[in-house]
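Quick notes on the structure that follows.
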Number of protein chains: 2
Amino acid sequence: MSSASSFPDSVVSSQPETLTVMGGGLVGALAALYLARRNYPVEVYERRADPRQTGTTEGRSINLALSDRGWRALEGVGIGEQVRSVAIPMYQRVMHDQQGKLTYQPYGKENQAIYSVSRNGLNRVLLDLAEANPHISLAFNQQCQVVDLRNRQLVLRDTTTGQEQVRSFRHLFGADGAYSAVRSVLQKTDRFDYSQHYLNYGYKELTIEAGPGGAWQIEKNALHIWPRGQYMMIALPNLDGSFNCTLFFPYEGPQSFTALQTGPQVRAFFAEVFADALPLMSDLEEDFFRNPTSSLVTIRCFPWSLADEVLLLGDASHAIVPFYGQGMNAGFEDCTVLDELLDQHGTDWQTVFQEFQRQRKPNADAMADLAVYNFEEMRDRVADPRFLLRKKIESRISAQYPDQWMPLYTQVTFSHTPYAEAWANGQRQDQIMQRLMPHIQSEADYDLPTVQALVQQEMNNLANSQT
Amino acid sequence: MSSASSFPDSVVSSQPETLTVMGGGLVGALAALYLARRNYPVEVYERRADPRQTGTTEGRSINLALSDRGWRALEGVGIGEQVRSVAIPMYQRVMHDQQGKLTYQPYGKENQAIYSVSRNGLNRVLLDLAEANPHISLAFNQQCQVVDLRNRQLVLRDTTTGQEQVRSFRHLFGADGAYSAVRSVLQKTDRFDYSQHYLNYGYKELTIEAGPGGAWQIEKNALHIWPRGQYMMIALPNLDGSFNCTLFFPYEGPQSFTALQTGPQVRAFFAEVFADALPLMSDLEEDFFRNPTSSLVTIRCFPWSLADEVLLLGDASHAIVPFYGQGMNAGFEDCTVLDELLDQHGTDWQTVFQEFQRQRKPNADAMADLAVYNFEEMRDRVADPRFLLRKKIESRISAQYPDQWMPLYTQVTFSHTPYAEAWANGQRQDQIMQRLMPHIQSEADYDLPTVQALVQQEMNNLANSQT
């Protein structure tokens with residue numbers, strides 16, 4: 001109500017501290033929005049150019065699967081509906097075998113779906129919202145050169161001009177991804193546990209074109225998998241009728257990126273193993289040799305914070321492989337949890353940071369394990385009729401004992417159960433299924449009195465172990 | 001025979017390439033000596049000051065236990081005898097219980113010993129030898145600022161003058177320790193696996209003084225252990241009659257570094273738990289608060305090499321915790337293995353580097369596991385009479401079946417069996433001992449016919465499993 005004074009004094013001292021977010025990607029932008037809701041001035045620095053101007057994604061995956069944890073975090077800043085309007089629900093997995101025969105596996109109950117969204121599109125929505133927020137300042141092309149923990153200063157280099165600026169910080173959020181500059185400084189502090197581990201697989205983005213008039217040439221509302229044992233291709237739908245395909249493939253070996261060196265080799269290989277997809281991929285050779293082969297890393301570290309000064313968020317503290325579609329969702333859930341802790345502990349940043357890492361670290365570790373586990377499931381087990389039968393039996397158990405049995409995939413994807421708890425439940429369920437399945441040869445066997453008795457006994461044991 | 005030409009030409013092109021060793025510590029200096037024996041010009045750069053002038057050890061352990069792998073490597077450059085003359089053999093562990101009662105456990109057979117040597121003294125011997133070698137140039141106070149892999153250049157900063165120099169390299173050996181600058185550059189290359197993991201324990205160096213006339217106040221030819229379950233102190237003899245003690249102690253908790261904040265607290269704690277040592281440690285409080293609390297890290301990474309350009313050696317690729325006394329020995333064994341591979345593959349550096357990491361990586365991983373395993377043994381199990389009985393029974397088995405049973409400690413310490421093989425053998429032996437020990441209540445029981453029959457049966461199974 002008063003006009004700005006040229007010498008604010010007591011007003012300044014009661015103003016909230018400025019918060020600094022390194023990274024304006026999905027998690028950085030969303031974290032900034034959550035922090036700004038509490039009236040903190042938030043400075044966001046992003047190494048890359050503004051994606052709203054360039055449209056580049058720098059070799060990252062082009063689309064992503066949003067599920068319940070992600071939706072909750074987006075709804076918390078009021079953009080659930082807006083994002084949902086440009087997302088494509090995928091209700092099931094569709095498996096393509098080598099002869100082109102299709103098998104279907106619903107992800108959950110009716111209407112339960114994961115949603116294909118464009119990484120770039122989602123980032124734009126978040127950045128537009130951040131830019132419109134008077135508490136948030138955004139700066140792009142800002143490469144973090146130095147994080148001086150002692151003096152709480154950053155040195156940022158403008159990659160377009162080469163100019164460096166020094167910025168002070170009080171509370172720094174490192175949301176700068178798997179190759180985080182903030183984390184690399186923490187890594188040099190004493191007693192900082194850290195690991196980066198790569199799979200022997202790389203991935204490459206390819207395309208299934210839209211059909212005439214923007215039609216989807218394969219089932220639109222599904223995630224497609226071509227499981228081939230030691231490798232696989234997947235495809236997610238885009239709004240324009242195309243599909244973004246990803247080939248997950250060994251770096252070395254008889255069937256590997258190294259083995260495919262020419263266009264004809266690539267085409268012959270696809271004709272043999274992805275025969276039904278090949279006619280839909282007219283740019284195959286060009287895509288294959290133009291697009292990078294990207295690596296698949298799991299990053300773990302601890303601690304995630306330093307006093308009340310620094311907190312790592314998202315991939316910076318827990319980058320995972322993409323096979324459960326939970327990387328972004330886990331990073332967005334970080335924002336939800338941070339927001340809850342700020343509700344509880346207010347400006348006691350040290351407690352917020354400590355409590356955040358205490359709660360989230362076991363969940364991030366479990367999710368990292370789950371993501372590798374799901375790779376094996378997708379590339380290999382989903383091609384096995386026994387595995388699909390087992391999934392059907394699990395659905396039957398879940399329908400019969402809804403309070404006691406939520407399938408692992410459902411817990412991870414369609415619930416807010418902490419990942420570590422979901423993983424522990426899933427391992428118990430796995431042991432039960434290993435005991436039951438030798439007695440079951442078809443879905444109808446589930447209703448046999450002998451099988452029902454076994455199931456009942458397992459459920460009794462499970463109930464007893466949980467009380 | 002000819003005088004130096006001012007324009008050497010054909011002579012130059014046939015001269016061996018210059019090799020660059022980053023690090024002039026124990027492994028770097030020894031590696032330089034091995035490489036120089038093949039007439040390569042070797043440049044060694046060390047970040048620290050020349051230890052022959054300063055005598056500092058920068059918070060590293062003061063003495064080390066040399067065993068067979070280390071001796072072989074020293075003998076390979078002809079300084080086994082010289083080092084042995086200033087080393088103190090330790091034939092046994094002496095355990096001190098809380099009441100000061102002593103228990104003895106020989107390390108091996110008669111005359112088998114590990115040797116207490118001064119880190120600084122050994123480093124001096126190696127540096128003197130390197131300095132006297134016309135093929136080797138040594139430079140100290142050279143901090144590695146940049147390793148430019150693409151252009152094969154180093155930027156080195158002289159820490160005394162602040163001046164930087166740029167040096168080209170062709171083959172670079174990173175022997176620059178657990179916090180290796182060379183490795184930190186490899187860490188940023190794609191698909192480089194890396195982990196640093198810290199124990200929740202720190203260590204602090206303390207001193208038991210020499211007695212009158214330089215006498216050793218406790219048994220000289222032994223490694224002393226004060227095992228206390230969750231923590232321990234050890235002592236290694238020095239030539240001057242003193243012992244270098246190391247307290248391995250939790251960072252946090254009721255009995256921890258955090259809990260001991262004042263001199264009287266330290267003294268009271270030692271009076272309670274290390275009562276027999278306390279009277280021999282007159283500088284205890286001063287040592288305790290002056291000496292740093294150092295952390296205990298395990299570092300693993302892979303690959304260890306980059307093409308024919310870079311190879312990591314010693315702690316740079318496989319830093320381990322000190323509890324098996326094998327850190328230096330493993331690094332020295334690296335030099336032996338490298339030398340063998342140079343015999344086999346000559347100047348085919350890429351093959352040498354590939355083969356080196358292929359052979360050594362599983363052994364380094366096994367040694368890292370063994371070192372953590374031995375911490376549990378030293379701080380906890382050696383205080384258990386059942387454990388000591390088991391060790392005696394193992395000795396009896398080993399005496400009865402010398403071709404089939406070499407105790408794990410003997411394989412690691414007094415043999416050149418690859419660490420991974422030793423560890424696998426040790427795990428098989430452990431399973432056998434778990435089956436035998438319930439039948440054995442005293443050493444005499446070993447001769448009971450029932451026990452002898454069981455042992456004979458286990459040995460038959462072991463022989464069958466190994467053929």
Worksheet item: Between a first residue in segment A:436-463 that is on the phi > 0 side of the Ramachandran plot and a second residue that is assigned to a helix (DSSP H, G or I) and acidic (Asp, Glu), which pairs have beta carbons less than 7 Å apart while being 6 or more apart in sequence or on different chains?
Response: none
Response to the item:
From the option list A:408, A:436, A:462, single residue qualifying as touching a Gly at 6+ places or on another chain (Cβ under 6 Å) and surrounded by 12 or more Cβ atoms within 10 Å (Cβ to Cβ) is A:408
Worksheet entry | Yes/no for residue B:112 being touching a residue at least 24 places away in the same chain (Cβ under 8 Å) and more than 24 Å from residue B:77 (Cα to Cα) | no
Item to complete: Please enumerate the residues belonging to segment B:424-450 that are within 23 Å of residue B:409 (Cβ to Cβ) and of a type in the set (A, V, I, L, M).
Response: B:424, B:432, B:433, B:436, B:437, B:440
Worksheet item: Tell me, which strands (runs of 3 or more DSSP E) wholly within segment B:178-274 include 1 or more residues that are more than 14 Å from chain A (Cβ to nearest Cβ) and open to solvent by 40 Å² or more (accessible area, probe 1.4 Å)?
Response: B:193-208
Worksheet item: Being in contact (Cβ under 8 Å) with a residue 24 or more places away in the chain and in the same structural domain as residue A:18 (by TED's automatic domain parsing), is that true of even one residue in segment A:272-279?
Response: no
Fill in: Lone unmet requirement of (1) within 14 Å of another protein chain (Cβ to nearest Cβ); (2) touching a helix residue (DSSP H, G or I) at 6+ places or on another chain (Cβ under 8 Å) for residue A:174
(1)
Discussion item. Among the residues of segment B:144-156, are any within 25 Å of the chain's Cα centre (by Cα), more than 14 Å from chain A (Cβ to nearest Cβ) and at negative phi?
Written reply: yes
Response to the item:
If we take segment A:282-398, then helices (runs of 4 or more DSSP H) inside it with 2 or more residues that are open to solvent by less than 10 Å² (accessible area, probe 1.4 Å), among the small types (Gly, Ala, Ser) and at pLDDT 95 or above are A:315-318, A:327-345, A:349-379
Worksheet item: Is it the case that some residue within segment A:157-164 is within 14 Å of chain B (Cβ to nearest Cβ), more than 28 Å from the chain's Cα centre (by Cα) and of a type in the set (Asp, Glu)?
Response: no
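The values are calculated or read from the model by the stated rules, or taken from the named source; none is laboratory data. Since the model is a prediction, treat every value here as computed from it, not as a measurement. Don't worry about glycine lacking a Cβ; one is built from the backbone with ideal geometry, like all the others, and counts go over all protein chains shown. For the accessible areas, the whole protein counts, side chains as well, though only heavy atoms, and no ligand, DNA or RNA atoms are used. Shrake-Rupley method; radii C 1.70, N 1.55, O 1.52, S 1.80 Å.
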